[in-house]
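Data block below; observations after.
The values are calculated or read from the model by the stated rules, or taken from the named source; none is laboratory data. Computed from a predicted model, the values in this text were never measured in an experiment. Here the Cβ is made from the backbone with ideal geometry for all residues, glycine too, and neighbour counts use every protein chain on show. With ligands, DNA and RNA removed, areas are computed over all heavy atoms of the protein, side chains included. Shrake-Rupley method; radii C 1.70, N 1.55, O 1.52, S 1.80 Å.
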Amino acid sequence: MSSEQVIACHHCDLLMAPPQVKEGECALCPRCNHKITRLHHSNINQLFSFAITGLILLFLTTQFSLMTFNLGGNVSQIDLWQSAINMYFDDYKVLAVLVLFFIFVLPALILLLIVLFIGSVKTGIGCWAQTSMLRLIFVMMPWAMVEVFLVGILVSLVKLVTIAQMDLGWSFWAYAVFCFCYAKVLSLVDRYQFWHWIDEAHR
């Protein structure tokens, strides 16, 4: 990068020269100590792998039941789609759309854009869209509620297990592992490194 370029701390907006870090080193903001970047050359491959894995797991959550209830001999199953559909037909239409969007559609779009972005950086195809994809990723990331949904399920289990026999389906375990992959993706997302990859790809 040019020596005349500056970057801003995402936490306190302090302008500074791009940090020069070695492999494994972490650059911190001199004002607020917020992490600016951590250099790992393997980040791009790890990020790609976890994003792909996350997309596969998210797809698997739609193919199986989330959990099975047995209350007095009456057995019923619920899946990811049904949880939103039930709310929709119970006159919670807006809530149903928001839940489905924030726990499924938005995380899927974020992971898909990350995969497309890394693929573009590696192959040089679609370089014109890299900046737009990156900005869209950063705008959407704070709005995904993956972990909130998982915590909500666990809280519900604690309450329902006292009144009914419950069995967790494959969809629950797939979503739980997906949450881990998604959290790992978020931990690997580094704004400075992303823009640096674009800069390197355009040289």
*Please find, within the stretch 6-24, the residue that is modelled with the lowest pLDDT out of those that are under 14 Å from K35 (Cα atoms) and not hydrophobic (A, V, I, L, M, F, W, C).*
G24
*Out of the stretch 177-194, which residues are open to solvent by 50 Å² or more (accessible area, probe 1.4 Å) and aromatic (F, W, Y)?*
F180
*Restricted to the stretch 145-176, and to residues that are within 17 Å of S76 (Cβ to Cβ) and among the hydroxyl-bearing types (S, T, Y), which residue is least open to solvent (accessible area, probe 1.4 Å)?*
S171
_Count of the stretch 166-203 residues which are among the hydrophobic types (A, V, I, L, M, F, W, C), within 15 Å of the chain's Cα centre (by Cα) and in a helix (DSSP H, G or I)_ = 11
*Here are some residues: V155, V139. Which one is of a type outside the set (K, R) and farther than 30 Å from V6 by Cβ?*
V155
*asked:* Of everything in the stretch 131-144, what is in a helix (DSSP H, G or I) and either open to solvent by less than 70 Å² (accessible area, probe 1.4 Å) or within 19 Å of A174 (Cβ to Cβ) (or both)? Give them in sequence order.
replied: T131, M133, L134, I137, F138, M140, M141
